[in-house]
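S.K.: Have a look at this one before I ask anything.
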Amino acid sequence: MRIRSIFVFTAVLMLLAAPAFAAIAPLPGDAGLLPATGKYVVEVMKDGKWVEAARIGANRHMNNMHVDISQATKDMKTVTVRVKAIGGGHAHMDSITLGGLAPFSIKGGIDPAGKLLKRDLDVIDVTGKDVEASFKKPSDGLLVLTARIEPDVIGKDPFLFPKGNLYKEVTAGSEFYTYTLNGTKKSKPFFKEMSYSGSGHPDGYTYGWVTHDRDNLYVGIDFTGDNTMDGELDYAKVFARTKDGIKEYRITAKDSTWGEAFFTYTDNVPYQHKVYQFAIPMDDVVKNKDGNVELAFAAYGTNAPPPGSEEDPQSAYDPVNQRHFVVFHQYRADFKRDIVGRFYDYKNQQVGTDITISDSTASMLYPDVAFDSTNGSFLVVWQDARNIDNDVYGQFIDAATGSLLFNTVSENFPVTGLTSHESNPSLSYDSTGDRFLVVWNDGRNSDPDVYAQFVNAATGALVFNAVDENFRVNTYLTFTQWHPKVSYDSNANRFLVVWEDSRNIDYDIYGQFINASDGTSVFPELAISQVASSAQQTPDLAFDSSNDRFFVAWSDGRNVNTDVYGQFVNAVDGSLVFNSAGENLPVSTNSGNKYDVQTAFDSGNNRFLVVWYDNRDDPDPDQIYGQFLDASGGSALLNTVSENTFIMNTAEDFVRVALSHDSVKGNFLVSGSWHDGHPSDPITGLIALAYPEVSGGGGGGGGGGGGDDGDDGDDGGGDGGCFIATAAYGSYSDSNVMALRNFRDERLMTNALGRKLVDAYYAYSPPVADYIASHSALRVATRLALAPVVYGVQHPMLIGFVFTAAVLGAGAGMRRRKKRS
């Protein structure tokens, strides 16, 4: 039955593909820029019709993107191309060339000033517009597009001057410049500060001039970094300190109460940009005790400062509001760090703006987060240096609104507050007792130990112990117990805490079961991995409620490279399953070193996903890989332990990984902090990816179809994963799988019949895919069955010719039979 279903699905795809083959062409030239926020579609006028020639990935930076369209322009004396942006936010174009030549004509009046003729940061807004450019016969078919596409959500923080105010609200305690009213008028700028853009605009100086006469205080702000026109989004502000507090004066394109905004040229840069001129009545200005005026300034134009380095992500899932909450620490201008949260939906799209969880004056690191299903809130904990020695602090966040509970952003609450060093917290939620267990590294004794504290989920109060007491988890008291992680067993109402332990010189993985009702130990300490002369470190774990067991995974040095190993632990009696402490289960043994292992359980498919970043492609950047494991038997799914599944890459190294499972849609959110090497944006940022990608509707079985996807009311399926193809080819990123996904999105989802067939596919394909994935012979057979479909998608003209010839041949045969009869 399952095998027959495979070929039925293949036949359906073939039937749907046939009439559309002639319209599909191979699309070269995706620049592979990551993280891409949108694409530019390049079309060529050929025989009176527009023919798609390429799609080029674009991001927020103004990149020079190259694509060879020579096949589409072969033998043309004059080439006319049409370029349009899809996806993302606003799109801006600086220049376009073909074969090194600028266009001799740009139609439609879209560029009357000829800005697209040279690369100079003098850009035009092409959002929702077609750029139609004609070129004389080029020497080659290399199209170079200098352009950008903003993300849907961009930073909202303005540039602030003095720069010490950056990322903060301007208050009476902020920094101010002093303008001397009785001083000599000067032509040089009152201030000049370099503004490094975090939103893809050019880096440039911001200049400020201040003068006055008897009637007005005049302020000019030359904001050279804002080379785009964004209407009411663009603004500048002047802040004046008065006896009644801070007074704010604001100018936008429409609000001219205090002056005017211009999009113009100045002598400072060769491109159009924003300039603001204020005229503030002197009667409105309050002088300080020395008779001078204290001023501060702000400028924003979708050009915003870098959000600060975003590092060390962790995430948790809220099934009620159906979104993930990713927390991380973020560098500020003063080189300290805040704790910040960000919501993502099941399509890995950010929901709302970032939430500042704590902005204490001290540095804060290594946050973790868990969801409270009873009260509908998240608890975030982190390592905090506000009391000089590191402590563990926490904050509750309402899952529906993102608002803070019990405490303000600058207060929070201490989970532990000793004078010793407490670090690296982890937590898990007890749904029976409605409380969290928080664990951490603790230096109160001579050797680091693992300590813990219960926190009441309804009130935020500590349970059993005061902030300076807590209780120790490990019973072995010498050497180092480090990097604890905790997970909750909902069947037996207890926690498993695991850590790396140096009692045997080389680090091993140990664990302890903790009774959720009173914090006592359930069994003696458990050796989970104990391999001589090698180190096992940084464990993570997840609970499988169906088979009543935990899976613990870690980085392991028993082989030449650092690999990923794991171990199943029976939640009933604490025994090891399948392997002994000296053997364990290999998860990834590919070449290269693997770090920051994370795991999560998928109850709908009875499997664990383990993810990590590794350097197997050295000298290329470290990338994120993963492996599915059968929860019942521990065997690897989709790929062998030496292959793994390629999940996510960037132009720079990944440095941390986070993972959470969407129990409603059935996919995972993989988040990675990565280092962006762009010279104007040398920060660490976050990427989030829905893996495998799923459609709307369905449940924990890996993404059913047919439901509303919550965006525009269309039927589900448009963003679904190709389950059978993924199972057959072994990777979601395989080129064959991507070809089928593109065919689905661009052909099937554009008509009612196609959408219905896709819905049917998603309703029935997940169990078929699981069956294929677990049988190597079926994987081979399915690849053979899918081969003509993939070939047809990739070579539409040839298949269209064969299909047409077959139809004509069949018609001729029928006519001959009629004549004979």
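Here's the yes/no breakdown for (1) in contact with a Lys or Arg (Cβ under 8 Å, 6 or more places away or on another chain); (2) among the β-branched types (Val, Ile, Thr):
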| site | (1), (2) |
| --- | --- |
| 195 | no, no |
| 200 | yes, no |
| 213 | no, no |
| 232 | yes, no |
| 242 | no, yes |
| 254 | no, no |
| 264 | no, yes |
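S.K.: Further, regarding this structure: Scan region 628-637 for residues that are under 18 Å from residue 569 (Cα atoms), open to solvent by 10 Å² or more (accessible area, probe 1.4 Å) and among the aliphatic types (A, V, I, L, M) and jot them down.
M.R.: Scanning region 628-637 gives a single hit, 636.
S.K.: Regarding residue 445, is this residue in a strand (DSSP E or B), farther than 22 Å from residue 578 by Cα and of a type in the set (S, T, N, Q)?
M.R.: no
S.K.: Moving on to the next point. Restricting the first residue to region 407-430 and requiring it to be on the phi > 0 side of the Ramachandran plot, which pairs with a second residue that is open to solvent by 10 Å² or more (accessible area, probe 1.4 Å) meet a Cβ separation below 7 Å and a spacing of at least six or different chains?
M.R.: Matching pairs, first to second residue: 412/393; 424/366; 424/383; 424/483.
S.K.: Examine region 104-123 for a residue that is touching a Lys or Arg at 6+ places or on another chain (Cβ under 8 Å), closer than 30 Å to residue 234 by Cα and assigned to a strand (DSSP E or B), and state whether such a residue exists.
M.R.: No - not one qualifying residue is present in region 104-123.
S.K.: On to the next question. For the structure I just gave you, tell me whether residue 135 is under 27 Å from residue 203 (Cβ atoms) and among the aromatic types (Phe, Trp, Tyr).
M.R.: no
S.K.: Could you grab the pairs with beta carbons closer than 6 Å, sequence gap of 6+ or different chains, first residue in region 446-470 and closer than 18 Å to residue 421 by Cα, second one of a type in the set (A, V, I, L, M) and part of a loop (DSSP other than H, G, I, E, B)?
M.R.: 450/473; 452/473; 468/418
S.K.: Follow-up. Whether any residue in region 277-299 is of a type in the set (Lys, Arg) and more than 25 Å from residue 161 (Cβ to Cβ) is what I want to check.
M.R.: no
S.K.: Filter region 174-206 for residues that are open to solvent by 40 Å² or more (accessible area, probe 1.4 Å), assigned to a loop (DSSP other than H, G, I, E, B) and at pLDDT 80 or above and give the result.
M.R.: Answer for region 174-206, where residues must be open to solvent by 40 Å² or more (accessible area, probe 1.4 Å), assigned to a loop (DSSP other than H, G, I, E, B) and at pLDDT 80 or above: 175, 180, 188, 189, 190, 203.
S.K.: Going through region 236-254 one residue at a time, which ones are of a type outside the set (A, V, I, L, M) and open to solvent by 60 Å² or more (accessible area, probe 1.4 Å)?
M.R.: So the first thing to find is which residues in region 236-254 are of a type outside the set (A, V, I, L, M), and the list is 237, 239, 241-245, 247-250, 252, 254.
Scanning region 236-254 gives 241, 243, 244, 247, 248, 250, 254.
S.K.: List every residue pair whose Cβ atoms sit under 6 Å apart, with the two residues 6 or more apart in sequence or on different chains, where the first one lies in region 58-82 and is more than 18 Å from residue 123 (Cβ to Cβ) and modelled with pLDDT of 90 or more and the second, anywhere, is in a strand (DSSP E or B) and among the polar types (S, T, N, Q).
M.R.: Cβ pairs passing all conditions: 80/134.
So that you can scan it fast, the table gives a plain yes or no per residue for (1) open to solvent by 30 Å² or more (accessible area, probe 1.4 Å); (2) charged (D, E, K, R):
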{"site": "513", "(1), (2)": "no, no"}
{"site": "541", "(1), (2)": "no, no"}
{"site": "548", "(1), (2)": "yes, yes"}
{"site": "559", "(1), (2)": "yes, no"}
{"site": "563", "(1), (2)": "no, yes"}
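S.K.: Against the definition (modelled with pLDDT under 90, in a loop (DSSP other than H, G, I, E, B), more than 27 Å from the chain's Cα centre (by Cα) and farther than 21 Å from residue 148 by Cα), how does residue 25 come out, yes or no?
M.R.: For residue 25, the condition - modelled with pLDDT under 90, in a loop (DSSP other than H, G, I, E, B), more than 27 Å from the chain's Cα centre (by Cα) and farther than 21 Å from residue 148 by Cα - is met.
S.K.: Search region 214-235 for residues that are open to solvent by less than 10 Å² (accessible area, probe 1.4 Å) and β-branched (Val, Ile, Thr) and pair each with any residue that is at pLDDT below 90 and part of a strand (DSSP E or B) when their beta-carbon atoms are under 9 Å apart and the residues are at least 6 apart or on different chains.
M.R.: 224/195; 224/204
S.K.: May I ask you to list the residues in region 278-318 that are within 21 Å of the chain's Cα centre (by Cα) and modelled with pLDDT under 95?
M.R.: Filtering region 278-318 for residues within 21 Å of the chain's Cα centre (by Cα) gives 302-318.
Once the filter is applied, which keeps residues that are within 21 Å of the chain's Cα centre (by Cα) and modelled with pLDDT under 95, region 278-318 yields 302, 303, 304, 305, 306, 307, 308, 309, 310, 311, 312, 313.
S.K.: Continuing with this model, one more query. Tell me which residues, restricted to region 577-627, are surrounded by fewer than 19 Cβ atoms within 10 Å (Cβ to Cβ), in a strand (DSSP E or B) and hydrophobic (A, V, I, L, M, F, W, C).
M.R.: Of everything in region 577-627, just one residue is surrounded by fewer than 19 Cβ atoms within 10 Å (Cβ to Cβ), in a strand (DSSP E or B) and hydrophobic (A, V, I, L, M, F, W, C), namely 577.
S.K.: Would you tally the residues in region 416-435 being modelled with pLDDT under 95 and under 26 Å from residue 538 (Cβ atoms)?
M.R.: Going through region 416-435 one residue at a time, the tally reaches 7.
S.K.: Select from region 503-531 the residues that are hydrophobic (A, V, I, L, M, F, W, C) and free of Cβ contacts under 8 Å to residues at least 40 places away in the same chain and list them in ascending order. Please lay out each step first, then the result.
M.R.: Filtering region 503-531 for residues hydrophobic (A, V, I, L, M, F, W, C) gives 505, 509, 513-514, 516, 522-523, 526-528, 531.
Within region 503-531, just 505 meets the criteria.
S.K.: Among the numbered conditions (1) part of a strand (DSSP E or B); (2) over 28 Å from residue 343 (Cα atoms), tell me where residue 438 comes up short.
M.R.: Of (1) part of a strand (DSSP E or B); (2) over 28 Å from residue 343 (Cα atoms), only one is false for residue 438: (2).
S.K.: Continuing with this model, one more query. Which one of 152, 120, 125, 130 is within 28 Å of the chain's Cα centre (by Cα), of a type outside the set (A, V, I, L, M) and under 23 Å from residue 64 (Cβ atoms)?
M.R.: Answer to the check: 125.
S.K.: Which one is modelled with the lowest pLDDT, of the residues in region 459-489 that are open to solvent by 40 Å² or more (accessible area, probe 1.4 Å) and charged (D, E, K, R)?
M.R.: This residue is 468.
Quick grid of which residues meet (1) open to solvent by less than 70 Å² (accessible area, probe 1.4 Å); (2) out of contact with any Leu (no Cβ under 6 Å at 6 or more places or on another chain):
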site: 59; (1), (2): yes, no
site: 65; (1), (2): yes, no
site: 70; (1), (2): yes, yes
site: 73; (1), (2): yes, yes
site: 86; (1), (2): yes, yes
site: 91; (1), (2): yes, yes
site: 129; (1), (2): no, yes
site: 136; (1), (2): no, yes
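The values are calculated or read from the model by the stated rules, or taken from the named source; none is laboratory data. These numbers were taken from a predicted model, which means no experiment stands behind them. Methodologically, a virtual Cβ is constructed for each residue, glycine included, from the backbone with ideal geometry; neighbour enumeration extends over all protein chains shown. Heads up: the accessible areas ignore ligands, DNA and RNA and are worked out on the full protein's heavy atoms, side chains in. Shrake-Rupley method; radii C 1.70, N 1.55, O 1.52, S 1.80 Å.
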